[in-house]
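Worksheet: the structure to be examined is printed underneath.
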Amino acid sequence: MRLNADEASIARAAEALIRGEIVAFPTETVYGLGARADDSASVRRIYEKKGRPAENPSIVHCLTADAALALAANVGDRERELARAFWPGPLTLVLPVSPGSVAPEVTAGGSTIAVRVPAHPVARALLAASGLPIAAPSANRSTRISPTTADHVEKSLGTDFILIDAGPTGFGIESTIVDATAERLVVLRRGSVTVAELAGFGEVIDVGDEIVSASERPRAPGSFARHYAPRVPVILAGRTSLSEEAAQSASTLNAGVEHVGLIVLDGPTAELRGHVRTEVLPRDPVAYARGLYAALHRLEDAGAIAIVVERVPAAPAWAAVRDRLTRASR
Ligand code: TXA
Ligand code: MG
């Protein structure tokens with residue numbers, strides 16, 4: 001059932017978590033589907049609901065950096081400094097797991113754990129009220145677009161669990177994931193915390209654009225090529241070939257071009273009329289990220305048979321957005 005984010009709902013959701021139920025809640029990135037991280041049966045309920053393979057580990061959310069780092073082993077100064085700089089906020093750290101600190105399902109039986117301290121007040125209130133570390137992947141069916149609103153969660157997973165609605169999320173794309181288990185920091189998934197911001201904390205390798213085929217063993221299991229994808233084909237195109245690409249996808253699918261959706265950067269759009277829907281996103285990477293998933297969801301809901309997306313600038317500030325678009329288009 002869907003509840004507004006007030007004190008009473010948060011208390012109710014916390015009790016449900018403690019009992020072992022799953023709860024969907026907002027974070028500053030996307031909505032998560034959470035369960036108590038210390039209980040196998042609870043965590044398995046998330047995987048069942050999402051249709052997520054058991055080999056894909058989940059991020060654990062904690063109220064404080066101390067609580068998050070306590071789940072890990074061999075935490076060094078660099079990790080404490082990263083925590084101090086970016087938490088609460090959209091950074092996930094992969095660290096060696098402290099054996100037995102969470103249910104084995106959370107880490108998919110692996111030797112590392114992904115932890116983060118969310119900044120969203122509702123996520124924080126839920127962590128405080130439950131007093132538990134919460135394992136939470138994004139609250140969507142496995143491989144689909146992450147939810148940035150409660151409607152998106154409901155569309156993907158229904159509501160036979162508590163869903164706390166606090167409106168649209170602030171960042172709109174998932175957290176930056178950094179593997180801090182070795183000498184060099186490795187960016188496994190790009191996000192709002194950029195490589196440039198991380199560079200002050202040590203040498204950084206960005207494998208965020210590594211696209212892994214399903215038969216390989218990926219470093220972050222989420223780097224499967226078909227992650228973050230709408231149900232329909234997504235095609236990236238330059239401004240001048242948008243109409244042509246739309247016409248081509250329509251003809252490939254034996255349909256009229258009016259069934260093709262478009263996502264374009266803010267600017268004149270007169271020549272692009274005649275598509276099922278044209279979504280216009282801001283020419284600013286932060287605002288674009290905030291609106292991207294909602295635009296994809298709206299086009300899906302409007303019945304688009306394909307989505308043509310205008311290529312975004314090549315500048316580093318657009319790296320996370322480019323990454324999500326590339327994955328969606330595979
Ligand atoms: O912003 C976010 O990170 C959101 C909110 C809800 O916190 N969560 C999220 O979770 O995006 P999920 O499960 O959709 O994506 C987490 C990614 C997956 O690709 C998973 O494979 C990877 O993190 N991951 C989790 N634990 C890991 C670990 N120990 N080592 C490497 N990758 C890990
Ligand atoms: Mg996800």
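The values are calculated or read from the model by the stated rules, or taken from the named source; none is laboratory data. It should be emphasised that the depicted structure is a prediction, and the values quoted were computed from it without experimental measurement. Note that each Cβ is placed from the backbone with ideal geometry, even for glycine, and that neighbours are counted across all protein chains shown.
Considering only residues in region 245-296 that are outside any strand (DSSP E or B) and either of a type in the set (Ser, Thr, Tyr) or in contact with a Cys (Cβ under 6 Å, 6 or more places away or on another chain) (or both), the one that is modelled with the lowest pLDDT turns out to be THR269.
Report whether or not ILE113 is free of Cβ contacts under 8 Å to residues at least 60 places away in the same chain and hydrophobic (A, V, I, L, M, F, W, C).
On the way: free of Cβ contacts under 8 Å to residues at least 60 places away in the same chain: yes; hydrophobic (A, V, I, L, M, F, W, C): yes.
When the stated conditions are applied, ILE113 passes them.
Among the listed residues SER138, SER130, identify the single one that is within 16 Å of ligand 2 (Cβ to nearest atom) and more than 22 Å from ALA73 (Cα to Cα).
Numbers: SER130 fails: within 16 Å of ligand 2 (Cβ to nearest atom).
None of the other options fit; the residue is SER138.
Of the residues making up region 137-172, those that are small (Gly, Ala, Ser), more than 12 Å from ligand 1 (Cβ to nearest atom) and touching a strand residue (DSSP E or B) at 6+ places or on another chain (Cβ under 6 Å) are ALA150, ALA166.
When we screen LEU299, LEU325 for residues that are closer than 16 Å to LEU236 by Cβ, in contact with a Gly (Cβ under 7 Å, 6 or more places away or on another chain) and surrounded by 20 or more Cβ atoms within 10 Å (Cβ to Cβ), the only hit is LEU299.
Looking only at residues that are more than 16 Å from ligand 2 (Cβ to nearest atom), within 26 Å of GLY109 (Cα to Cα) and among the hydroxyl-bearing types (Ser, Thr, Tyr) in region 6-58, which one is nearest to the chain's Cα centre (by Cα)? Restricting to residues being more than 16 Å from ligand 2 (Cβ to nearest atom), within 26 Å of GLY109 (Cα to Cα) and among the hydroxyl-bearing types (Ser, Thr, Tyr), the top hit is SER42.
Please go through region 176-189 and give me each residue that is in a loop (DSSP other than H, G, I, E, B) and modelled with pLDDT of 95 or more, ordered by number.
As a first pass, look at region 176-189 and keep what is in a loop (DSSP other than H, G, I, E, B): 180-184.
Passing the criteria: ALA180, THR181.
Within region 146-175, the set of residues being within 16 Å of ligand 2 (Cβ to nearest atom) and of a type outside the set (A, V, I, L, M, F, W, C) comprises SER146, PRO147, THR148, THR149, HIS152, LYS155, SER156, THR169, GLY172, GLU174, SER175. Consider region 176-187 and keep the residues that are over 13 Å from the mean Cα position of the chain (by Cα) and within 24 Å of ALA287 (Cα to Cα). The one that is surrounded by the most Cβ atoms within 10 Å (Cβ to Cβ) is VAL178. Look at (1) closer than 28 Å to PRO90 by Cβ; (2) of a type in the set (Gly, Ala, Ser); (3) more than 16 Å from ligand 2 (Cβ to nearest atom); (4) modelled with pLDDT of 75 or more and you find that SER213 fails only one, number (4). Of everything listed in (1) buried (at least 20 other Cβ atoms within 10 Å of the Cβ); (2) over 23 Å from LEU198 (Cα atoms); (3) of a type in the set (Gly, Ala, Ser), the single unmet condition for GLY274 is (1).
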